[in-house]
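The values are calculated or read from the model by the stated rules, or taken from the named source; none is laboratory data. Computed from a prediction, not measured in an experiment: that's the story for all the values here. Cβ: placed from backbone, ideal geometry, glycine included. Neighbour counts: every protein chain shown. Accessible surface areas use protein heavy atoms only, side chains included; no ligands, DNA or RNA. Shrake-Rupley method; radii C 1.70, N 1.55, O 1.52, S 1.80 Å.
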Amino acid sequence: MTPPPSEAPATTFAVALLQEFVRLGVRDVVLGPGSRSQALALAAAEFERAGILRLRVRIDERVGGFVALGIAAETNTPVILITTSGTAVANLHPAVLEAHHSGVPLIVITADRPESLRGVGSNQTTEQPGIFGSAVQRTWDVAPPTGEPGEAEAAALLAREAMASVSGPVHLNLAFAEPLSSPFVLPETALPEAVSVVDLPPAAVGPTQPAPEILDPHAGATIVVAGTCAGPRAEEVARELGAPLIAEIASGAHFGPNLVVAYRELLNTANFGDRVERVIVFGHPTLSREVPALIQRPGVETIVVRHRSAEDYNPGRRVSRFVDEVRVQGEPAAPSWVGRWVAASRSLIEPVDTAPDIDADAGAHARAELAAVRAPVTRRTLVEAVWRATWPHDRLVLGASRLIREADKVLVGKRISVHANRGLAGIDGTISTALGIALSSRDSGTTRALVGDLTFLHDVGALLFGEGEERPRIQVIVGNDGGGTIFDGLEVAQSAGPGFDRVLYTPQHAPVEALAAAYGWEYRRVENRGQLDQALTASAGPTIVEVPLPRS
Ligand SMILES: Cc1ncc(C[n+]2csc(CCOP(=O)(O)OP(=O)(O)O)c2C)c(N)n1
Ligand SMILES: [Mg+2]
C-alpha cells in the first residue's frame, strides 16, 4: 500500500507506520503534545478523523501511559503511546514497568533528535534508547527519515517487527529532523484494509504451544490458586480437579462452587492448609502472605501455569514446574475435600449486611431496615456495596492498599470483570488505568474505581479531560481515611516513634469536593450505607464518590 505523498519525510514515515499498525489490528493511540513528535501526532489525529483509530490526548504523559495500559488490558490488544523527547519519555516509566510485570502490550513511540544532536547539550535531549532498561521486550533506535525511496516500506516493516515482539511493552525511539511535519490529507485510498482484531495472531502469546501438562485429580490433596491475570481457566481447572479454589479478588476467577474466600484463615488451620500436597498456580498472587508460605512449605509440590508476566511466580524458588497449559484427566477428587473447605469458609465469613428477620413484626422490620440504611460505612460495607452494585457489563478497578485486601478477604464469588495493577502494586496511575478501561469497555456499563485517598491524590491529574475528550461512565470511589492507613497494620506502627505519621501515614486533608469541581467531575459525599447504595447506582458521567472512613 502506498502512503499518500507528502513533503516532509517525517510525515510520510509517520503515516506509513500508523497505517501498518492499523492494518495489523491496533485501534487505540494515546499521546501527549510535543513538537518533536508532531508528525506522528498529526497523523494519528487524521486517522482518528477518518474513523480508523481511537485517539486519547493527555497532557501528562504519566497519566497517558496508564490510560494506554488500561485500554490495552481491557481490549487485550496493543496500544500505541506517543510522546515527544526528554522528560516526557521518563514519565512513561511507571506504566511501562507495570505493563512489563503484568504482560500488557504497549507500543511506546518516543520522538528524538537525530544522533548528531544527542550528547551535545541540545534542548530537551537525553539518552532515550535504553531508558526503560529491561522493562521493554525490544528497543529500536531509528535514524530520521530523509526522503530516500523505501522509507515508507521501512516504516511498515518496523510496525510488523514491533507487533511481533509486543508481548509486553516495546520501545520505538524515532529520530526526526526538520521539517518535523507537513500538512497532508489522508486520501480514501490510503485507508488500510484492516485485518480484523479477531483474526490477529495472538501477538502476546509465546511462539510455540507445547503439549499441556496432564493433571491427575487423585495425585495428592490439591488446591488451585489464582492471582491477578489468572482468568476463568483457573476456576474451571479447580472444578475439574475437585480442588478448593483460592482466587484473589482481581484474578478473574473469583467465582464458582469451589471458591474459598476465607483462605487466609484456613491455610493456617489444622486439617486444611497442612493437608495440602499440591498447588496449581494461575496468574500472579500478591495479596496474602499465606499463599507464598504454603508454596515454601516442605512436601508441597507447586506447578505454576505461566501467564504473560515477564517474571514467573516462584516464591522461595520452590516451584517444581512451570508449564504453559494444563489438562485434567480423570474424575474429580472426592467431593469431601473441596466440600470441607467451602463449608468452613462460609462459616468464617459471617455476612454483616444481614437481612431483617422475616418473622419479625412490621415495625421491627422497618426499624431494622432504617438502622441498616443509616449505619456508617465501614471498609467492609464499602467493598460489599461496590461489589453488589457491579454487574457483568460493568468494570471494577481496585487500587493498591487496604481496600483491595478487605475486598479479597470478605467478598463472595461473582463473575464480574475486576482489574488491579498488581504487576508492581503501585498506588500510581489508578484513575488513569480505570479511565482507559472505561473508555474502551465494549459493554455499556459503568466503570468503578475503588481507591484510597493517597492513591486518589497521587493520580489526581488524571481527572483532567481536555476539551473534546470523551468522558466515559466512570465513578471514582475514594475511601478517605486521611492518609495511608495500610501502614497502621505493620509492626513498625507499634515500634516507631512520633515520626511514624509524618513519614508513613502521611496525613492529608485535601478537599476532594473542590478537586472534583476544579476538574469538572460530579461529586457526592456519602455519610451512610443508604447514601452509598444510592450514589453507586446513580448513573451519570464522571463522578467522584467520597466515603469518609475512620482511621482504625
Ligand atoms: C507509587 C507508589 N508509591 C508508594 C507506594 C507505597 N504505598 C503502598 S500503600 C500506600 C498508602 C496508600 O494510602 P491510601 O491510598 O490512602 O490507602 P489506605 O491504605 O489508606 O486505604 C503507599 C504509599 C506504592 N505502592 N506505590
Ligand atoms: Mg487512606
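Observations
- Restricting segment 380-420 to residues that are within 16 Å of ligand 2 (Cβ to nearest atom) and open to solvent by 20 Å² or more (accessible area, probe 1.4 Å), the residue that is modelled with the lowest pLDDT is S401.
- Residue count, segment 461-502 (criterion: within 15 Å of ligand 2 (Cβ to nearest atom) and not in a strand (DSSP E or B)): 13
- Going through (1) more than 16 Å from ligand 1 (Cβ to nearest atom); (2) over 23 Å from G461 (Cα atoms); (3) surrounded by fewer than 13 Cβ atoms within 10 Å (Cβ to Cβ) one by one, A514 falls short only on (2).
- Any chance A270 is without any contact (Cβ under 8 Å) to a residue 40 or more places away in the chain, crowded, with 24+ Cβ neighbours inside 10 Å and part of a loop (DSSP other than H, G, I, E, B): no
- When segment 196-218 is limited to residues that are open to solvent by 50 Å² or more (accessible area, probe 1.4 Å) and modelled with pLDDT of 95 or more, the one that is farthest from A72 (Cα to Cα) turns out to be H218.
- Condition met for D453 (within 16 Å of ligand 2 (Cβ to nearest atom), under 23 Å from T378 (Cβ atoms), buried (at least 18 other Cβ atoms within 10 Å of the Cβ) and without any contact (Cβ under 8 Å) to a residue 60 or more places away in the chain): yes
- Residue that is within 15 Å of ligand 1 (Cβ to nearest atom) and either open to solvent by 10 Å² or more (accessible area, probe 1.4 Å) or of a type in the set (S, T, N, Q) (or both), where the choices are T446, T485: T485
- Every pair of residues 6+ apart whose Cβ atoms lie under 6 Å, when the first sits in segment 150-175 and is open to solvent by 30 Å² or more (accessible area, probe 1.4 Å) while the second is not polar (S, T, N, Q): E151/F13; E151/P145; S167/A204
- Listed by position, the helices (runs of 4 or more DSSP H) enclosed by segment 1-92 that each have at least 3 residues that are closer than 17 Å to V170 by Cα are 9-23, 61-75, 87-90.
- Residue that is free of Cβ contacts under 8 Å to residues at least 40 places away in the same chain, more than 16 Å from ligand 1 (Cβ to nearest atom) and farther than 20 Å from P472 by Cβ, where the choices are R525, R529: R525
- Which numbered condition A493 fails, given (1) surrounded by fewer than 24 Cβ atoms within 10 Å (Cβ to Cβ); (2) in contact (Cβ under 8 Å) with a residue 24 or more places away in the chain; (3) in contact with a Phe, Trp or Tyr (Cβ under 7 Å, 6 or more places away or on another chain): (2)
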